[in-house]
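Reading through the structure tokens given below for one structure.
Derivation of every value follows stated rules applied to the coordinates shown; laboratory data play no part. The model shown is predicted, which means the values in this text are computed figures rather than measured ones. Every residue, glycine among them, receives a Cβ derived from its backbone with ideal geometry; neighbour counts consider all protein chains shown.
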Amino acid sequence: MTHLGLAFSAAIAASGTLGRALPLPLGQLLQEPITDPVAIFLTILAIMLVAPLLVERLRLPGIIGLILAGVVVGPYGLGILERDSTIVLLGTVGLLFLMFLGGLETSLDDLKRNADKPIIFGLSTFVVPMALGTGVMMALGYGFWAAVLVASCFASHTLVALPVLNKLGIMRHPATTATLGATLITNVLALLVLAVVVKADQGDLTLGFWLFLIPALTIYTFAVLWGVPKLGRWFFKRFGHDEGAEFTFVLAALFVASYLASLIEIEPIVGAFLAGVAITQIIPRLSPLMNRVQFIGNTLFVPIFLISVGMLVDPLILVREPQSLLLVSIIVLAELASKFIAAWAAARWFKWKLPSTMVMFGLSMAQAASTLAAITIAFDIGLVDEVVVNAIIVMILVSCVLSPWVVARWGAQLQTQPAEAETVLESDQNASPAPALGQRVLIPVANPSTEDNLLQLAIILTKRVEGTLLPLHVLPDRNQPIAEADKTRQNRLLDTAETIAHAATIPVETIGRIDDSIAWGILRTIQERNADLLICGWKGFSTYRENFFGSVIDTIVRSATIPVLISRFPQPIENTEKVVLAITGRQANLGQIKQTLTITQCLAEELKAPLQVVQMTLGSARDRKLTTLLQEKDIAVQPVQGNAVKRVSEAVQPNTLLILIASTHIVGQSALGREPEAITKANWDTNILVLHFPAKPTKRA
């Protein structure tokens, strides 16, 4: 086979050949497998519903039930379902989604800043299985290239236990991050070994092969990691208000990257993983779009893939062919031992404790995608026999069953370990605590064109602390009856806000009210609903009339008893590539700056953007304390002097989110002060947030 990009498809096709070569299945309740498409899908849905619930009653991870159910209903079990083109298609999509979800949880910035741990573990979990597997297979009498190819099956791994990590909430733990990064390294290396072995067996391992593969892989990786975010930012800016278009773009990026990987003779699963790493740079982790992608993958496609893996396994192979029992035992033990040694050695090097070691071991032991592709190709070209193929399939089953159990067993301990118990990654050392604000966020919605970005901002801050979102729309009565058209528009705006909030799985309480004016309707709602943060939209400037008589924003800012986050979004918030906090005035005390910094760090982390602080140094005691605080948090600080508008504008780049603190109000000026408005006018195409604190902070603030 010369086109390794179709390896997984070849594995699927070959499974039918392998099935004919092996003895008949255990038996069939039906004379023929179910063929009706509706009945097939209904059976799959029933398995997805019932199987996890049954095994969870036995204190086992639910995904084990999906794999075992696949064995029972598959062609080697009761024969209820045939592994036909429908199962193959959905299973392949689920496999790509599984790798894609792993990429979504892999921060490229973390890999850049902390590349040592993923690289060390990636090389460890590749080299140790390769060495041990090659030695074991050669000792059993297999040739060198056959031994190397089987060992590459040990070296790769599939993140089968990823749903367990999501459920435990340890996706951002150092051990998890290191393993996710190592997945990319070890899978690429294992698939390169597969390419080399096939070429060597065919006599095509020439200089031309290397001259094509290495540059092609380099260009492809750069194109995905650089090109997909660039294209995504343009697309979200152009079509950001169409939720369906956003979701379709994400799926298109996944499958285009996977297909292009096959064109350069690299497994599509590598492309899916790289696509996830690229897409996660432009989708906030707590956004509704990210929630939709993860929900569809984890509840539909990934379970179908796990069922399809179970359908490959013949549970009675060891009984029918007793001579293979020894080989199966050796292969399974060699794979588990090599993965454990690799995880133990890396964890000892990082000075991590046993729970982290076991989570790394549990994540990296599971074999499915790359393993199945490699062993099928080896069988097709005659490097291995049926006994090895069946032994590898049993290894897939054992590893896929043990992997989620080990991760669930030891991952639960990582939830309760204090942060000091691990040597955390740099990104986790700098991680900010949950913002004090956000338990009840009030957000007036009035303009459909700006509602999406304001809600995205509110959702990030609210979901971070598991708070409640309070969308509000006020109809001023003006001593006249309210028109039905206005009431309909109010309901439509609130329904849209509620839908977006539900998509992000956060509590929401919509509020529609009629009041004397919009400003006082908002201010009264703050008191009535016990809000602790108000997020408002802002046009970016004030007219002379508004400066003297007051606009809606001015009235709110001057009278609000809670912090107000005034927001202007000329660009989609997803396009944020850098977050800049500018501290320009004397008026903000250190406590207010700390609160602003906490919110800023939260946004930078969720938007996956680097944070920079621009500090106007005035030589005051507050400035010295602030400098010390920023140094302790290891935040990049740019001390500047001179004209604040000019210096802040110099720090602004395309796709920057600029955060300011409202300056002192003077009669005849905007309630936000002169500097925020001047900076906004100088950076008109920049997303800007201005945080205003009440003159006399309340206990809640």
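Computed quantities for the displayed model
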{"item": "Length gained when the stretch D116-A412 is fully extended (0.36 nm per residue, less Cα-Cα span)", "result": "104.0 nm"}
{"item": "Label-point separation, L590 to V38 (7 Å along Cα→Cβ), nm", "result": "7.1 nm"}
{"item": "Computed label-point distance, nm, for sites S85 and L263 using a 7 Å Cα→Cβ extension", "result": "2.4 nm"}
{"item": "Prolate/oblate/rounded label for the range 166-269 (Cα gyration tensor, a/c 1.5)", "result": "oblate"}
{"item": "Sequence ranges 673-683, 453-463, ranked by mean other-Cβ count within 10 angstrom, highest first", "result": "453-463, 673-683"}
{"item": "Using a Förster distance of 56 Å, the FRET efficiency for F212-T499 (Cβ separation, nearest 0.05)", "result": "0.70"}
{"item": "Additional length obtainable on full extension of the chain from E528 to F144, 0.36 nm per residue less Cα span", "result": "130.6 nm"}
{"item": "Ranked by how many other beta carbons lie within 10 Å on average, peptides 34-42, 389-397, 115-123 from highest", "result": "389-397, 115-123, 34-42"}
{"item": "Extension gain from L49 to D685, taking 0.36 nm per residue of separation minus the Cα-Cα distance", "result": "224.1 nm"}
{"item": "FRET efficiency estimate (nearest 0.05) - Cβ-Cβ, R513 to N491, R0 22 angstrom", "result": "0.95"}
{"item": "Candidate lysines for bridging to K681, where Cα separation is under 30 Å - those fewer than 8 sequence places away on the same chain excluded", "result": "K230, K237, K539, K578, K594, K608, K646, K696"}
{"item": "Label-point separation in nm, K539 to F239, each point 7 Å along Cα→Cβ", "result": "3.2 nm"}
{"item": "Nearest-0.05 FRET efficiency for L231 and Q638, computed from C-beta distance (R0 41 Å)", "result": "0.85"}
{"item": "Sequence ranges 403-409, 84-90, 155-161, ranked by mean other-Cβ count within 10 angstrom, highest first", "result": "155-161, 403-409, 84-90"}
